[in-house]
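Report on the structure given below.
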Amino acid sequence: MTKLLSLMLKGSIMNIKIFGLTLLFALPLGFIVAKGRMSKIKIVKALVNIYIQIMRGTPLILQLIFVYFAPYYIFGVSYDRFTAVIISFVINYAAYFAEIYRSGLQAIDKGQYEASKVLGFSKLYTFFHIILPQVFKIILPALAGEVITLVKDTALAQTIGVAELFRAAQNAASREFSTMPIFIAGVFFFVMNYLVSKFFNIVEAKMNYYE
Amino acid sequence: MNEILIRANNISKAFGEVKVLNDISFELKKGNVLSILGPSGSGKSTLLRIITQLERADRGSLYFNDKPLFEDDGSKANYSNNKIAREIGLKTGLVFQNFNLFPHFTVLRNITEAQIAVLKRDKHEAEDRAIALLKKLSLLDKAKAYPSQLSGGQKQRVSIARALAMDPEVLFFDEPTSALDPELTREVLNVIKQLSEEKMTMAVVTHEMEFAKAISDHAIFMEGGYIIEEGDKDSIFTAAEKERTRQFIHSMSN
């Protein structure tokens, strides 16, 4: 039993790595995508829109397989599975985050930009000090939902052979002819997401200092 | 003779096919108050938004202390470079109909933020200035409140304080009481009146005729993007030449 638990703990470290790296890259990338989606340049807007449609319109599991195998079939080169997982997750989640950011940006009254302009704030200052804090508060609940989904999606990394928690549980299950490891993996995911929810609850409470 | 602070010559502006301003010319002298009257859709707000650089003029010229913000070159309004435009912008304040306070900042920070970030005042100096203004506008007890905790009248007074803290040479008001309940209108009008007594240069778009008459030195009446009539206070409010002006002032005075 202890051996099983230590195996699964090891596996879950992989999930946490995928989770952390995806957020690290996808959260800022999402903003660039959102800006592209809202661009006045028609071609940029159209291309970004197609990208978002593909990312949201096809299964992540398929995107994983494509990102990992396509370079092999097209150029004959293969590369690190873990890198492929991170690339797939980042481009997928950036699309979802972008739409969340866009909803937040569009919820800001244009009067906030006008007051900033008349007071003499630069565009950059206005964005980071006036707009972004308000957007952050608006999108927090939607963002929390997406981040919780990400925790669960990390289990998909096994599709291209990356050893993570759920794979470890499945291996153990077939070795021991028992479904118990699968349920234990479920508890692991639940606990991770419990912590994520708690975190977002705290941040939301912190942002409640104004209405 | 007071010096002329703002001189506008033949300003025109269209949104697509719709002409919203046609050949607007006026002067605003230092220490004077100008009322801009007219029905909705007459172009009053657009005129303020052009002077405060929220919109761009198509044609005409605008001078601030004899420096051009834009000058007509015979085919279009030619804007001065960013440095001059910014310099002029910092000297013009605008109070909005909907206040546009920053909801995530306290009242105090709403008033200090631009002083610190734009005018590079140090924090203490900015706070001293903000507190003096809050005291003057009887809002000192609200310094730590957030905008959502204030009444409409209080919000508008804070936004006036926010504009004044930047030490503008002229302050524009775009229907400052139109979003307020009648009983809250009074407290805002009193503040503007107090500023006029202190010889603050101002231009006010308003539907409050009694108030406009009380504070203005000069008034213009606009309709359909044209100035129908302009003149000093008495000629507009009590002895307007044009029938349409008299009619409007009469209908708004009840």
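The values are calculated or read from the model by the stated rules, or taken from the named source; none is laboratory data. All values derive from a computational prediction rather than experimental measurement. No Cβ is skipped: glycine too gets one built from the backbone with ideal geometry, and neighbour counts run over all protein chains shown. For the accessible areas, the whole protein counts, side chains as well, though only heavy atoms, and no ligand, DNA or RNA atoms are used. Shrake-Rupley method; radii C 1.70, N 1.55, O 1.52, S 1.80 Å.
Only helices (runs of 4 or more DSSP H) wholly contained in the range B:38-138 count here; list those with 1 or more residues that are within 19 Å of A:GLU114 (Cα to Cα) and modelled with pLDDT of 95 or more.
B:44-51, B:82-91, B:107-117
Kindly indicate the residue of the range B:160-184 that is at pLDDT 95 or above and more than 20 Å from B:ILE215 (Cα to Cα) and also surrounded by the most Cβ atoms within 10 Å (Cβ to Cβ) among those meeting that condition.
My answer is B:ARG162.
Within the bounds of the range B:53-63, is there any residue that is within 14 Å of another protein chain (Cβ to nearest Cβ) and within 23 Å of B:LYS233 (Cα to Cα)?
No, the conditions are met nowhere in the range B:53-63.
Any residue in the range B:69-86 that is touching a residue at least 60 places away in the same chain (Cβ under 8 Å) sitting within a Cβ distance under 8 Å of a residue that is aliphatic (A, V, I, L, M) and in a loop (DSSP other than H, G, I, E, B)? List the pairs, counting only those 6 or more apart or interchain.
Close Cβ pairs satisfying both conditions: B:ALA77/B:ALA57.
Quickly run through the range B:21-35 and pick out the residues that are crowded, with 17+ Cβ neighbours inside 10 Å and assigned to a strand (DSSP E or B).
Correct list: B:LEU21, B:ASN22, B:ILE24, B:PHE26, B:LEU28, B:LYS29, B:VAL33, B:LEU34, B:SER35.
If I go through the range A:5-24 residue by residue, how many of them are of a type in the set (Gly, Ala, Ser) and either open to solvent by 60 Å² or more (accessible area, probe 1.4 Å) or out of contact with any helix residue (DSSP H, G or I) (no Cβ under 6 Å at 6 or more places or on another chain) (or both)?
2
When you go through (1) within 11 Å of another protein chain (Cβ to nearest Cβ); (2) open to solvent by 10 Å² or more (accessible area, probe 1.4 Å) one by one for A:ILE130, which number turns out not to apply?
With respect to (1) within 11 Å of another protein chain (Cβ to nearest Cβ); (2) open to solvent by 10 Å² or more (accessible area, probe 1.4 Å), A:ILE130 is out only on (2).
If the Cβ limit is 6 Å and pairs must be 6+ apart or interchain, which residue in the range A:185-207 that is of a type outside the set (A, V, I, L, M, F, W, C) pairs with which residue that is open to solvent by 40 Å² or more (accessible area, probe 1.4 Å)?
As it stands, the answer is A:ASN193/A:ILE148, since those pairs meet every condition given.
Go through (1) surrounded by 21 or more Cβ atoms within 10 Å (Cβ to Cβ); (2) under 18 Å from B:MET166 (Cβ atoms) one by one and return the number of the condition B:ILE84 breaks.
(1)
If a residue has to be closer than 18 Å to B:HIS218 by Cβ and open to solvent by 60 Å² or more (accessible area, probe 1.4 Å) to count, how many in the range B:234-251 make the cut?
Total meeting the criteria: 6.
Residues are listed down the side, and each one gets a yes or a no for (1) touching a strand residue (DSSP E or B) at 6+ places or on another chain (Cβ under 7 Å); (2) among the basic types (Lys, Arg); (3) more than 7 Å from chain A (Cβ to nearest Cβ):
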| site | (1), (2), (3) |
| --- | --- |
| B:ASN78 | yes, no, yes |
| B:ASN81 | no, no, yes |
| B:ILE84 | yes, no, yes |
| B:GLU87 | no, no, yes |
| B:LEU90 | no, no, no |
| B:GLN97 | yes, no, yes |
| B:PHE102 | no, no, no |
| B:VAL107 | no, no, yes |
| B:ALA114 | no, no, no |
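Could you tell me which of the residues B:LEU48, B:LEU28, B:LEU37 is more than 14 Å from chain A (Cβ to nearest Cβ), closer than 26 Å to B:VAL118 by Cβ and either touching a Pro at 6+ places or on another chain (Cβ under 7 Å) or touching a residue at least 12 places away in the same chain (Cβ under 8 Å) (or both)?
Residue meeting the stated conditions: B:LEU28.
Restricting attention to the range B:132-159, and to residues there that are buried (at least 16 other Cβ atoms within 10 Å of the Cβ) and of a type in the set (Ser, Thr, Tyr), which single residue is nearest to the chain's Cα centre (by Cα)?
Among those that are buried (at least 16 other Cβ atoms within 10 Å of the Cβ) and of a type in the set (Ser, Thr, Tyr), it is B:SER159.
Select from the range A:77-126 the residues that are open to solvent by 70 Å² or more (accessible area, probe 1.4 Å) and closer than 30 Å to B:VAL170 by Cα and list them in ascending order.
Matches in the range A:77-126: A:ASP109, A:LYS110, A:TYR113, A:LYS117, A:LYS123, A:LEU124.
When only residues in the range B:9-20 that are of a type in the set (A, V, I, L, M, F, W, C) and surrounded by fewer than 23 Cβ atoms within 10 Å (Cβ to Cβ) count, which is nearest to B:ARG246 (Cα to Cα)?
Applying the filter and picking the extreme gives B:VAL20.
Condition first: within 14 Å of chain B (Cβ to nearest Cβ), touching a helix residue (DSSP H, G or I) at 6+ places or on another chain (Cβ under 8 Å) and under 30 Å from B:ILE88 (Cβ atoms). Now tell me which residues in the range A:75-114 satisfy that.
If the condition is that a residue be within 14 Å of chain B (Cβ to nearest Cβ), touching a helix residue (DSSP H, G or I) at 6+ places or on another chain (Cβ under 8 Å) and under 30 Å from B:ILE88 (Cβ atoms), then A:ILE108, A:GLN112, A:TYR113 are the ones that fit.
Here are B:SER42, B:SER61: which of them is under 23 Å from B:HIS218 (Cβ atoms), in contact with a strand residue (DSSP E or B) (Cβ under 6 Å, 6 or more places away or on another chain) and surrounded by fewer than 21 Cβ atoms within 10 Å (Cβ to Cβ)?
The unique qualifying residue is B:SER61.
State which residue pairs qualify: first residue among the aliphatic types (A, V, I, L, M) and inside the range B:225-247, second residue open to solvent by 90 Å² or more (accessible area, probe 1.4 Å) in any location, beta carbons under 7 Å apart, and separation of 6 or more residues or different chains.
B:ILE228/B:LYS242; B:ALA240/B:ARG246
What are the residues in the range A:133-152 that are open to solvent by less than 40 Å² (accessible area, probe 1.4 Å) and more than 10 Å from every other protein chain (Cβ to nearest Cβ), if any?
Correct list: A:VAL135, A:ILE139, A:LEU140, A:LEU143, A:ALA144, A:GLY145, A:GLU146, A:VAL147, A:LEU150, A:VAL151.
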